[in-house]
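Please read the structure below before turning to the comments.
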Amino acid sequence: MAKGKRGKVVTHALRNEWIENWKKVNEKSPYYFSFLKTQDIKSYGSKSRTPSHEVIGQDLNLLSANERLFYYQLLFDNKITWVKEQYPLLELERVMLMAKKLNIRYPTYPSSASVEVVMTSDFYCGNIFGKENVYSIKDVRAFAPDVTERKKKNLIDKEKIQRAFWETQEVKYHLILSSSIKNTFTQNLEMLAPSIHLDLQDEIILDRWASSFKSNLNADSNIRLSQLLTDVSNQTGIPYQDSISLFHYCLWHKHIKANLNIPLFLEKSVSQFELEVA
């Protein structure tokens with residue numbers, strides 16, 4: 001992906017200013033700020049500033065629904081320790097040299113064919129094993145038969161540049177297609193993500209709620225999930241909606257295990273979800 005401002009002519013000076021500003025803000029802040037913002041590009045997808053959920057008060061710049069759903073997968077994975085979105089490939093001269101070695105014409109900004117773009121990778125991540133990975137998210141429709149060969153080649157060339165750049169830094173590079181992202185599992189994660197954190201009132205009651213949930217689950221494994229949550233709400237004296245939030249929190253943090261490849265419809269029997277209190 002390349003940074004640009006819609007309708008703005010990009011000069012070398014302006015591009016270099018973007019780079020320096022990005023470096024300065026990330027040097028000074030304890031939080032990560034992406035190089036590319038949702039307002040910087042024209043997109044026909046569902047781009048959005050999405051709450052981090054992990055870091056309260058911080059937003060993520062996700063440029064498509066595919067990126068948003070994949071972000072939830074990364075966040076749910078206990079092995080992932082940090083995630084940085086829209087991460088720039090720098091230093092620019094090194095990336096350009098990489099393209100030259102690959103015999104690929106380095107991309108330039110649409111508004112100025114003489115100014116080379118700052119390419120970005122969708123997700124740059126670290127894990128508990130000290131390894132780093134990069135994930136490039138692409139809609140499978142970008143490779144459809146009705147897409148021109150020129151557009152396909154441009155996309156593939158950019159992927160080659162990114163892969164070569166990261167592999168020289170011993171960072172594993174992954175191309176992820178939307179066909180492997182849009183599914184029931186990621187849709188469930190999107191529903192659970194807002195409950196990653198609890199307010200103080202729910203934190204206080206969590207242990208008692210979990211104990212009640214476990215007792216009711218063991219008493220009747222064929223009860224509807226909605227009825228189970230209603231019974232737990234009545235026993236703990238909290239509103240039904242709070243009980244749902246606590247259930248979502250426990251699912252996300254794996255205090256309650258479930259088959260998340262099944263849509264989490266509350267009217268289904270708990271046995272269908274293979275629920276188990278950890």
All-pairs Cα distance distribution in the range 188-277, expressed in whole percent, bin size 10 Å: 18, 58, 24, 0
All lysines inside 16 Å of K160 as judged from Cα atoms, apart from same-chain residues fewer than 8 positions distant: K100, K101, K138, K151, K152, K172
Fewest-first sequence of K151, K138, K268 by Cβ atoms within 10 Å of each Cβ: K151, K268, K138
Candidates per chymotrypsin sites (Phe, Trp or Tyr not before Pro) in the range 99-171, loop by DSSP, up to 13 other Cβ within 10 Å: F129
Within the chain, helix-based [θ] at 222 nm, where runs of 4 or more DSSP H residues each add -39,500 (n - 2.57), nearest 500: -13000 deg cm²/dmol
Fewest-first sequence of S243, S180 by Cβ atoms within 10 Å of each Cβ: S180, S243
Packing-based exposure ordering (other Cβ within 10 Å, fewest first) of V117, V171: V171, V117
Under-5 Å amide H pairs with V277, H placed in peptide plane, nonlocal only: K257
Convex hull (Cα only) mean projected area of the range 96-155, reported in nm² to one decimal: 6.2 nm²
Cα-based Rg of the chain normalised by 2.2 N^0.38 Å, two decimals: 1.21
Rounded to whole Å, sorted largest first: equivalent-ellipsoid semi-axes of the range 126-230, Cα gyration tensor: 44, 21, 11
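All of the numbers you see were taken from the coordinates with simple rules; none came from a lab. From a predicted model like this one, the values you see are computed outputs, not experimental measurements. Note that each Cβ is placed from the backbone with ideal geometry, even for glycine, and that neighbours are counted across all protein chains shown.
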